[in-house]
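Worksheet: one structure, shown below.
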Amino acid sequence: MKVAGKNYRTVWMEDNTVCLIEQNLLPFEFKIFRAKNYRETCTVISTMIVRGAGAIGATAGYAMAQAFVEDGDDIAFVKKAREEIENTRPTAQNLFYAVERVYSAGQISVQQAVEEAQKIADEDAAACKKIGELGNELIRDGANIETHCNAGWLAFVDYGSALSPVYAAHRSGKQVFVYADETRPRGQGARLTAWELQNENVEHLIIPDNAGAHLMSQGKVDMIIVGSDRIAANGDVANKIGTLEKAIAAKYYGIPFYVAAPVSTIDFDCTSGKDIPIEQRHEDEVLYQTGPDAKGKLQQIRIGSPGSNALNPAFDVTPAELVTAIITDKGIFNPRELITIKP
Ligand code: MRU
């Protein structure tokens, strides 16, 4: 996707350095971060310089390739690197999918590992493009669409999942309007989704997380499209915390609730959503907010009552029965039929 007229991917590799758009600084500053070895790339994932299922997956694949380049002859080193990469974040299935593929390729040669990591990134971009084409067919001209968190191109290598159909619809000349849930505590909707939509000239408003049901009750939302971090074989969907509430409200008001995700996000070994590990993040993400001061310098301020602690589960699981359909790169499926595409 384009930033100031220049084409970017969210993550790419140059020599053995992983280059990424620094997402913690957006939308206030656009900067490329360079991770020179697999350990730095692990930090990039755990500190959310990169985030979003597909982008995390591609980055983890590159990190695994970096470890092979660093010392592919030392089996203990490579195994330890794999463990460290897999411990960066627990929920996004794409991370484990990518690490497994690159690790297996690395058993043949270092070159194979690097090529596999690149292939995963390219496949992610192509899958998201396809999701856009297929999902566009579900969007009518004039649609008002609500989305949660950021499942745009920043959350993948390119195009995005939930936002890819929106971009495709907009480019095909349809009138589309997006309500972007702000997505507390880290504000991926208010910061990243809104920034992406601005860049693409898609009309939108940022809404408080708790405004969704109200807008649905007023008939202002025609459809909801969200992404996913991991989908279980039975069609249960893990996504950013707050997604479940939207799905419940959508069911009550008879509004279609779509999940868009590449097949690489489906964990066919996970029988139900109950088995999906839910990341618990640090309480400071809830208790503090970050934003620019008058001089544009990012500052942290405390918003929680001093002395109070916070609970910060990063994801929730929406049961398959609340999901109208899952838009994948291999077609649009009833969540209960996902198992039919198990490779
Ligand atoms: O914690 P994050 O920002 O990595 O959360 C992941 C997400 O971006 C969302 O849950 C998203 O809606 C689905 S992943 C494309």
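The values are calculated or read from the model by the stated rules, or taken from the named source; none is laboratory data. Not measured: the values here are computed from a predicted model. A quick note on method: Cβ atoms are made from the backbone with ideal geometry, for glycine too, and the neighbour counts reach across all protein chains shown. These accessible areas exclude ligands, DNA and RNA; they are computed on the full protein's heavy atoms, side chains included. Shrake-Rupley method; radii C 1.70, N 1.55, O 1.52, S 1.80 Å.
For region 138-341, the square roots of the Cα gyration tensor eigenvalues, ordered a ≥ b ≥ c, give a/c of at least 1.5 with a/b no greater than b/c, which places it in the oblate category. Here region 138-341 has 51 percent of its accessible surface on carbon and sulfur atoms, given a 1.4 Å probe and all protein chains in place. In the chain, the calculated helix contribution to ellipticity at 222 nm averages -10500 deg cm²/dmol per residue, counting -39,500 (n - 2.57) for every DSSP H run with n ≥ 4.
Placing unit charges on each Cβ (+1 for Lys and Arg, -1 for Asp and Glu) gives the chain a dipole about its Cα centre, and among THR183, THR243, ALA211 the Cα reaching farthest toward its positive end belongs to ALA211.
Averaged per residue, region 31-156 has 37 square angstrom of accessible surface, using a 1.4 angstrom probe with ligands and nucleic acids left out. Among the listed pairs LYS220/LYS274; LYS129/LYS174; LYS2/LYS80; LYS129/LYS342; LYS79/LYS240, which have their C-alpha atoms separated by more than 26 angstrom in this model? Those over the limit are LYS220/LYS274; LYS2/LYS80; LYS79/LYS240.
What trypsin sites (Lys or Arg not before Pro) does region 242-343 have in DSSP loop regions with at most 13 other beta carbons within 10 Å? Here the sparse-neighbourhood loop sites are LYS295, LYS297. Counting only protein heavy atoms and using a 1.4 Å probe, the accessible area of CYS270 comes to about 10 Å². Of the trypsin sites (Lys or Arg not before Pro) found in region 67-150, the ones in coil according to DSSP and having at most 15 other Cβ atoms within 10 Å of their Cβ are ARG140. Taking Cα centre as origin and charging only the Cβ of basic (Lys, Arg, +1) and acidic (Asp, Glu, -1) residues, the dipole magnitude of region 77-163 rounds to 240 debye.
Taken about its Cα centre, region 2-128 carries a charge dipole of roughly 460 debye when the Cβ of each Lys and Arg holds +1 and the Cβ of each Asp and Glu holds -1. Here the dipole of the chain is about 640 debye; that uses its Cα centre as origin and unit charges on the Cβ of Lys and Arg (positive) and Asp and Glu (negative). In the chain, the convex hull through the Cα atoms has an average projected area of 17.5 nm², a quarter of its surface area. Short-range pairs are left out: with C-alpha atoms under 8 Å and at least six residues apart, the relative contact order of the chain is 15 percent. Judged by the mean number of other Cβ atoms found within 10 Å, the most tightly packed of the peptides 52-60, 285-293 leads the ranking 52-60, 285-293. Between ASP293 and SER308, the simple label model (points 7 Å from Cα in the Cβ direction) yields a spacing of 2.6 nm.
Sorting the segments 234-245, 213-224 by their mean number of nearby beta carbons within 10 angstrom, highest to lowest, gives 234-245, 213-224.
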